[in-house]
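The values are calculated or read from the model by the stated rules, or taken from the named source; none is laboratory data. These numbers were taken from a predicted model, which means no experiment stands behind them. Note: ideal-geometry Cβ built from the backbone for every residue, glycine included; neighbour counts use all protein chains shown.
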Amino acid sequence: MGKAIKNQAAILRKLGIEQLNPMQEEASCAIHAAKEVVLLSPTGTGKTLAFLLPIIAELNPDLKKVQALIIAPSRELAIQIEQVIREMGSGYKANVFYGGRYFSKDIQELNTVPSIIVGTPGRIADHLRRETFEIDEIRFLVLDEFDKSLEIGFDDDMIDICEHIPDVEKKILTSATNEPLIPEFVEIKKPVTIDYLAEQTLSLTLKRVESQEKDKLMPLVDLLRHLGNQPGIIFCNFKDSIQRVSDFLDEYGIDHGCFYGGMEQKERERALIKFRNGTHQLLLATDLAARGLDVPEIKFIIHYHLPVREQEFTHRNGRTARMHKEGTAYVLHFYKDELPEFININEVEKVEPAAPLRASIWRTLFISGGRKDKISKGDIAGLLFKQGNLEKDDVGMIELKTDCAFVAVKAKKVKSLLPLVNNVKLKKKKIRVTRI
């Protein structure tokens, strides 16, 4: 595993963070001191780092067994947590397990036992039933966004997990929901509660946009043009609606990505990558994107469909106005329809005619090599600068995965770049570079 880094200052330097925010400081102290902690804080405030820092500080570097188990409600959130652990550079091995990939791949990764396992409830419960790894040294159990796992039907799997490891030393539950109901099977008795949810809506502006048509497609286009080229999420209630709205946006040349539960995992991941790196400034999504995802600073969200419950309304709005930054949530609705009781916005936003949106200046390239090939972000940048003849401003965000990488490149450079860097050797691996 290499030398374990427990020093918090060293880890923060690696992450490029000067200091923890007040929630992270308080949560870290509580996790060190208490056996049961419930952490309530809005999406985007850094809960992942808040629980990882004290856990890593207390791991035993000489113990070659699983010591911490972290459960997340979605594949994307599980992958994101494992990515943060890697970026911390602590020296502790972590693996992420989730449905939709070969179980044999999990088994292969367990050949070198990780200190931390992150995963979705169904896949982790399956591992525990099959006894694929030893559980006698698991000291930490984290149920991240635990209420979301219960909400989407993981009750039986969560019960199985808790029954398999009833005697863990510390239990940490996190949520972005106000006063979530903690199920009895978790066996939390006297938790220390860290509650920062009161800060959630301090910088959020709510606006209502009326549609004169029952079909709100054209009013949506008008609103997007009115808002201009800014990053935002458009929320729909159903995946079938997303396809219909997506087709309409395509007709008007509006670049966007789609994100919903019925998509293949690879496509979901790529949609988020393109959204993060600016290839798409708009994401058309169901409530799957309402919390727990690593996405860029979002200037606005649009409720194309109104959520059924206030909780979903709050979580959607939480995607913007994060970490004390300003944001706006727009409610787009047919003027004859009544708004739910939990939406109280009297003033109507006037949408002014505006020019069509500009196409993104970025495109995303796939590179068929990653960490396991000893390839770094610096190696990729060097390839693009030296062999691809690109300037620094031509290259955007680079995301490095275990077996591949993704990089944003200026659209005008892609055609001339690909013949120069495709099918060449990077480190010791011959790589493919393609546009996605």
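Go over the candidates I233, I159, I152, I194 one by one and state the one that is more than 30 Å from Y252 (Cα to Cα) and crowded, with 20+ Cβ neighbours inside 10 Å.
I194
Among the candidates L206, L223, which residue alone is surrounded by 19 or more Cβ atoms within 10 Å (Cβ to Cβ) and either in contact (Cβ under 8 Å) with a residue 12 or more places away in the chain or not charged (D, E, K, R) (or both)?
L223
Which condition number does N346 fail, the rest of (1) outside the structural domain of A285 (by TED's automatic domain parsing); (2) surrounded by 13 or more Cβ atoms within 10 Å (Cβ to Cβ); (3) of a type in the set (S, T, N, Q) being met?
All conditions pass for N346, except number (2).
Let me confirm something: among L417, L357, which residue is touching a residue at least 24 places away in the same chain (Cβ under 8 Å) and more than 30 Å from H226 (Cβ to Cβ)?
The match here is L417.
May I ask you to say which residue of A198, A285 is free of Cβ contacts under 8 Å to residues at least 40 places away in the same chain and over 23 Å from V407 (Cβ atoms)? Show your work before the answer.
Details: A285 fails: free of Cβ contacts under 8 Å to residues at least 40 places away in the same chain.
Matching residue, one of A198, A285: A198.
Which members of the stretch 394-422 meet the condition of being surrounded by fewer than 16 Cβ atoms within 10 Å (Cβ to Cβ) and modelled with pLDDT under 95?
T402, D403
How many residues are in contact with a helix residue (DSSP H, G or I) (Cβ under 6 Å, 6 or more places away or on another chain) and either at positive phi or of a type in the set (K, R) (or both) if we restrict to the stretch 380-406?
0
Between residues in the stretch 373-389 that are outside the structural domain of E399 (by TED's automatic domain parsing) and in a helix (DSSP H, G or I) and residues that are surrounded by fewer than 18 Cβ atoms within 10 Å (Cβ to Cβ) and of a type in the set (S, T, Y), which pairs lie under 7 Å by C-beta distance while being six or more apart or on different chains?
none
Within the stretch 162-183, can you find the residues that are part of a helix (DSSP H, G or I) and in contact with a Leu (Cβ under 7 Å, 6 or more places away or on another chain)?
We begin by selecting, within the stretch 162-183, every residue part of a helix (DSSP H, G or I); these are 162-164.
Correct list: H164 only.
Evaluate the following for I367: is it surrounded by 18 or more Cβ atoms within 10 Å (Cβ to Cβ), among the hydrophobic types (A, V, I, L, M, F, W, C), at pLDDT 95 or above and touching a helix residue (DSSP H, G or I) at 6+ places or on another chain (Cβ under 9 Å)?
Considered against the rule, which asks whether it is surrounded by 18 or more Cβ atoms within 10 Å (Cβ to Cβ), among the hydrophobic types (A, V, I, L, M, F, W, C), at pLDDT 95 or above and touching a helix residue (DSSP H, G or I) at 6+ places or on another chain (Cβ under 9 Å), I367 comes out as yes.
Tell me the strands (runs of 3 or more DSSP E) entirely within the stretch 219-292 that contain at least 1 residues that are within 30 Å of Y102 (Cα to Cα).
Working: elements: 232-235, 257-259, 282-285.
Passing ranges, in order: 257-259, 282-285.
Right, G16: at positive phi and either touching a residue at least 40 places away in the same chain (Cβ under 8 Å) or touching an Asp or Glu at 6+ places or on another chain (Cβ under 6 Å) (or both) or not?
On the way: at positive phi: yes; either touching a residue at least 40 places away in the same chain (Cβ under 8 Å) or touching an Asp or Glu at 6+ places or on another chain (Cβ under 6 Å) (or both): no.
Considered against the rule, which asks whether it is at positive phi and either touching a residue at least 40 places away in the same chain (Cβ under 8 Å) or touching an Asp or Glu at 6+ places or on another chain (Cβ under 6 Å) (or both), G16 comes out as no.
Restricting to the stretch 22-36, name every residue that is touching a Phe, Trp or Tyr at 6+ places or on another chain (Cβ under 8 Å) and buried (at least 23 other Cβ atoms within 10 Å of the Cβ).
A27, I31
Which count do you get for residues in the stretch 209-255 that are small (G, A, S) and over 23 Å from the mean Cα position of the chain (by Cα)?
Final tally of qualifying residues: 3.
From the list P73, P61, which one is outside the structural domain of Q311 (by TED's automatic domain parsing), assigned to a loop (DSSP other than H, G, I, E, B) and closer than 20 Å to V186 by Cβ?
Criteria check complete, one pass: P73.
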